[in-house]
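Novice: Let me begin by handing over the structure; questions about it come next.
Laboratory data are not the source of any read-out in this text; all were calculated from the coordinates shown. Just so it is clear, the model here is predicted, and its values are computed rather than measured. Reconstructed Cβ throughout: ideal geometry from the backbone, glycine too, with neighbour counts over all protein chains shown.
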Amino acid sequence: MRAERELKSRYRHPQLARGAAMLALAAAAVSAPAQVSLRTVVELAQSKSSNVKLAQSDLLKAESALSQTRDAFVPSLYFGSGLPAFPEVGFTGSLPTVWDANVQSMVFSLPQIRYIQAAKMGVKAAKLGLKDAKEQVALDASTAYIELDTVHQELAAAHEQESDASLMVEIEQQRVDGGVDPKSNLLQAQLAAAEVKLHRLHLETRAATLNKQLSTLTGLPVGSIIPSHGSIPEIPEVTADEPQKTTPGVESSEMLADSRERVQKGDVERTWLLPEFAFGAIYNRNTTLLNNINIYYKTDLPANNFSTGFSIRVPIFNFEDRDKVKESAAEALRARVEAEQAQQQNDIQIAELSGSLRELDTLAEIARLKQEIAAQQLESATSQMEVGNGTSGANAQPQLSPEVEQQARVDERQRYIEALDAGFDLSKARLNLLRALGHMQDWLNELGTK
């Protein structure tokens, strides 16, 4: 409110003051950290990605190429003029025209039909390439977002762990000062606290890197994104046994190879004795101005002249067309090999991810069990500190010291952080396998329900 009053005092016009105040509040809202859903992050990343923009440019180029090949059958109209610069003397051999019009269009050409088919496949390949680029950006943004959400949870646990470690150092300091424990116990507690602090600093560095990465992907200010855990759809427990779909990238490579082969076929047909039919129409507006052309003709030159006709072109022998066939054949072969390589690389990635996924699944289970064990040990230590160990006599177990309980708290938080890390590694591998199997879009569709 104070900022708004100051702005009003600067502007005499109330509408200008209100507009300036709204802009200031909007700027503050954008720069302030706030919860942003995964769907919003993915959409912003896709709209800002340079790879997506390049893919959109390729699509526009492919659509323009398709229009160009089709336009060969659309009549083209040309206008021209041939007025002499100076008066003509004698017979020049050409008709003096004020202006002329020429209409031309192709009627039938089998190679041109092949080029149109190739251009259609090129458009489909570009659309699939755009879809593949969007999926890759969505995967990168989702992975960074989920990792940042995990790191935020780990940081919360690390702060608790650091507080417990500091309390453990205080307890040991008091016990050493009282002569209960040796100084080595204090040093061990200080070492443990330093390690906990180092891990917390590592998490903060990791969070800063992820914030910068998400800022680069989305265009939002650094540190303004707070992940909303509820906006992350559940990642299915996918395996290589799932029905495999063709990924957009592989399908785009195959479609591009088909397009190159159609071009090659059209170039080959241009070397055959296949006629091409074209239509043409010509109109000339002749003039006797600045010339004496009529003295060379039996009758006066007519002012209006119009003619139409069909032309037939039969290629007999052309070195340029034959060399073009070799070039297009090489491009078709290269495109086909690249499509096969893309499929092979995708199959290898599926095999690698399937193997690592089984290991990560087991590691996540081990981390979860360790965390549960640490939680049980903490519960037991807390209970013994509150009510004692429940034994008495000569064979009674010694009472737990306070630093043991604090160490149990530190260990439990450490196991919790390790479980979160293992869970993220598993989620990341599952997302990559989803993309390799062609099911990435199915998971992205769930973003709209969150």
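Novice: What do you get for the angle between helix 14-31 and the principal long axis of the chain? Use alpha-carbon atoms, 0 to 90 degrees, nearest ten.
Specialist: 70
Novice: Where does helix 402-436 land angle-wise versus the long Cα axis of the chain, in degrees 0 to 90, nearest 10?
Specialist: 20
Novice: In the chain, what percentage of the DSSP-assigned beta bridges are antiparallel, given to the nearest 5?
Specialist: Numbers: 25 of 28 bridges.
Taking every DSSP beta bridge with both residues in the chain, the antiparallel ones total about 90 percent.
Novice: Sequence neighbours fewer than 8 away in the same chain don't count; with that in mind, list the lysines whose C-alpha is under 27 Å from LYS324.
Specialist: Those lysines meeting the cut-off are LYS61, LYS120, LYS124, LYS265.
Novice: Return the lysines within reach of LYS370: Cα separation strictly under 25 angstrom, same-chain partners fewer than 8 residues apart disregarded; answer none if there are no such residues.
Specialist: Here the lysines satisfying the reach criterion relative to LYS370 are LYS197, LYS428.
Novice: Name the long-range amide H neighbours of SER105: under 5 Å, sequence gap of 5 or more, or other chain; modelled H, no Pro or chain starts.
Specialist: SER76, PHE279
Novice: A further question on this structure: Using alpha carbons only, how many angstrom separate the centre of region 269-316 from the centre of region 407-438?
Specialist: Spelled out, the Cα-based centre of one part sits 78 Å from the other.
Novice: While we're here: Report, to the nearest 10°, how far helix 50-70 tilts away from the longest principal axis of the Cα atoms in the chain, using its own Cα long axis and a range of 0 to 90°.
Specialist: 20
Novice: Among LEU198, LEU290, LEU59, which one shows the biggest mean-square fluctuation in a GNM of the chain, springs joining Cα atoms closer than 10 Å?
Specialist: LEU290
Novice: Between GLU338, GLU160, GLU242, which gets the highest mean-square fluctuation from a Gaussian network model of the chain, Cα cutoff 10 Å?
Specialist: Fluctuation is largest for GLU242.
Novice: For the chain, set up a GNM with springs between Cα atoms under 10 Å and report which of LEU434, LEU273, LEU203 has the largest fluctuation.
Specialist: LEU273
Novice: Now a separate question. Taking neighbour counts of Cβ atoms within 10 Å as a proxy for exposure, in what order, fewest first, do ASP140, ASP71 appear? Could you put the intermediate results ahead of the total?
Specialist: Details: ASP140 17, ASP71 12.
Exposure proxy ranking, most exposed first: ASP71, ASP140.
Novice: So, one more: Classify the chain: rounded, prolate or oblate, from the alpha-carbon gyration tensor (a ≥ b ≥ c, eigenvalue square roots; a/c under 1.5 rounded; otherwise prolate if a/b is larger than b/c)? Mind showing how you got there, number by number?
Specialist: Details: a/c = 5.05, a/b = 2.42, b/c = 2.09.
Prolate is the answer for the chain, as a/c is 1.5 or above and a/b outweighs b/c.
Novice: Taking the number of other C-beta atoms within 10 Å as the exposure measure, put PHE277, PHE86, PHE73 in order starting with the fewest.
Specialist: Working: PHE277 12, PHE86 6, PHE73 16.
Lowest to highest Cβ neighbour count: PHE86, PHE277, PHE73.
Novice: Now, a different point. Taking the Cα centre of region 224-305 as the origin, how large is its charge dipole in debye, to the nearest 20, when only Lys and Arg (+1) and Asp and Glu (-1) carry charge on their Cβ atoms? Don't skip to the end; give the middle numbers.
Specialist: On the way: 7 positive and 12 negative charges, 210 e Å.
So the dipole magnitude of region 224-305 works out to roughly 1000 debye.
Novice: Also, I was wondering about something else. Can you work out the Karplus-derived ³J(HN,Hα) for every residue in region 149-155? Use 6.51 cos²θ - 1.76 cosθ + 1.60 with θ = phi - 60°, whole Hz, and x for glycine or proline.
Specialist: Once θ is set to phi - 60°, the couplings for region 149-155 become 4, 5, 5, 4, 5, 5, 5 Hz.
Novice: Right, here's the next one. Using modelled backbone amide H atoms (1.01 Å from N, in-plane), which distant-in-sequence or interchain residues come within less than 5 Å of ASP181's amide H?
Specialist: Under 5 Å from the amide H of ASP181 lie the amide H atoms of VAL176, each far enough along the sequence or on another chain.
Novice: Further question: Nearest 20 debye, what's the magnitude of the dipole of region 271-386 about its Cα centre given +1 on Lys and Arg Cβ and -1 on Asp and Glu Cβ?
Specialist: Details: 11 positive and 17 negative charges, 255 e Å.
Dipole size: approximately 1220 debye.
Novice: Another question, if that's okay. Please list the non-local residues whose amide H lies under 5 Å from the amide H of ILE226, H modeled 1.01 Å from N, same-chain partners needing a gap of 5 or more.
Specialist: Here ALA34, GLN35, VAL36 satisfy the definition.
Novice: From the phi of every residue in region 300-316, what ³J(HN,Hα) in whole Hz does the Karplus formula 6.51 cos²θ - 1.76 cosθ + 1.60 yield, where θ is phi - 60° and glycine or proline is x?
Specialist: 5, 5, x, 6, 10, 9, 9, 8, 9, x, 9, 10, 10, 10, 10, x, 9
Novice: Once each part is reduced to its C-alpha centroid, what is the distance from region 161-237 to region 59-118 in angstrom?
Specialist: 73
Novice: Then there's this: So which lysines pass the test for LYS48, namely a Cα distance under 17 Å, with those fewer than 8 places away in the same chain ruled out?
Specialist: Once the sequence-local lysines are set aside, what remains near LYS48 is LYS131, LYS134, LYS212.
Novice: What does the C-alpha gyration tensor say about the overall shape of region 155-265? Classify as rounded when a/c is under 1.5, otherwise prolate if a/b is larger than b/c, or oblate. Don't jump to the answer; show the numbers that get you there.
Specialist: Working: a/c = 3.96, a/b = 3.08, b/c = 1.28.
Judged from the Cα gyration tensor, region 155-265 comes out prolate (a/c at least 1.5, a/b above b/c).
Novice: If you put +1 on each Lys and Arg Cβ and -1 on each Asp and Glu Cβ, how big is the dipole of the chain around its Cα centre, in Debye rounded to 20? Write down the numbers at each step before the final one.
Specialist: Numbers: 46 positive and 59 negative charges, 548 e Å.
Result for the chain is approximately 2640 debye, rounded to the nearest 20.
Novice: Please list 3J(HN,Hα) in residue order for region 274-283, calculated via the Karplus relation 6.51 cos²θ - 1.76 cosθ + 1.60 where θ = phi - 60°; whole Hz, with x for glycine and proline.
Specialist: Residue by residue, region 274-283 yields 9, x, 10, 9, 9, 10, x, 9, 10, 10 Hz.
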